[in-house]
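Only one structure is covered here, and it is reproduced in the block below.
The values are calculated or read from the model by the stated rules, or taken from the named source; none is laboratory data. Predicted model, so just to flag it, every value in this text is computed and none were measured. Reconstructed Cβ throughout: ideal geometry from the backbone, glycine too, with neighbour counts over all protein chains shown.
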Amino acid sequence: MQKIQTFKDLIAWQEGHKLVLMIYDATKKFPKTETYGLVDQMRRASVSITSNIAEGFSRQSYKDKTQFYVMAAGSITELQNQLAISQDVKYLDKKEANDILEQSMKTHKILNGLIRSSRSKIGVRIENRE
């Protein structure tokens, strides 16, 4: 197992980055009228996931790390809501929406492990919400 030296070495960041790329690719096909609506929100939410993981990685205390990882998890849930809306208004077909949703759930599960690990180092329990 390789030593984690940068935030890019975190599996949660790597899977989140895949999710960001999927969102950017999918939203290219959205109507131009959504450029400052759903497209912007989905891109911001997805980028927020990896940005918060990266920022959490750089924090010195596990309490601070956990706070940023939890914010990343919130952004995943926000993105999942936006995916549902995108599918309901027919901007995404069912397969593409499901592929992105699966990637978001994979990222969320890995991130939850990172949150549990960080919380265990500060003595805070977490419910299993997977």
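Below are the figures for this structure:
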| quantity | calculated |
| --- | --- |
| Qualifying residue in the range 32-48 (condition: surrounded by 17 or more Cβ atoms within 10 Å (Cβ to Cβ), at pLDDT below 95 and of a type outside the set (D, E, K, R)) | no |
| Selected residue (criterion: farthest from the chain's Cα centre (by Cα)) from residues of the range 68-108 that are under 29 Å from SER118 (Cα atoms) and of a type in the set (Ser, Thr, Tyr) | TYR69 |
| Conditions (1) surrounded by fewer than 17 Cβ atoms within 10 Å (Cβ to Cβ); (2) polar (S, T, N, Q); (3) modelled with pLDDT under 95; (4) assigned to a helix (DSSP H, G or I): number failed by ASN128 | (4) |
| Filtered residues of the range 69-106 (kept if buried (at least 20 other Cβ atoms within 10 Å of the Cβ) and of a type in the set (Gly, Ala, Ser)) | ALA72, ALA73, SER75, SER86, SER104 |
| Test: residue in the range 29-48 that is in a helix (DSSP H, G or I), closer than 15 Å to THR107 by Cβ and not aliphatic (A, V, I, L, M) | yes |
| Test: THR27 is among the β-branched types (Val, Ile, Thr) and either more than 28 Å from LYS90 (Cβ to Cβ) or loosely packed, with under 15 Cβ neighbours inside 10 Å (or both) | no |
| Selection from the range 5-28 of residues that are assigned to a loop (DSSP other than H, G, I, E, B) and touching a residue at least 24 places away in the same chain (Cβ under 8 Å) | THR6, LEU10 |
| Answer from ASP25, ASP64 - the residue that is farther than 18 Å from GLY113 by Cα and among the charged types (D, E, K, R) | ASP25 |
| Selection count, the range 85-104, where residues are in a helix (DSSP H, G or I) and touching a helix residue (DSSP H, G or I) at 6+ places or on another chain (Cβ under 8 Å) | 11 |
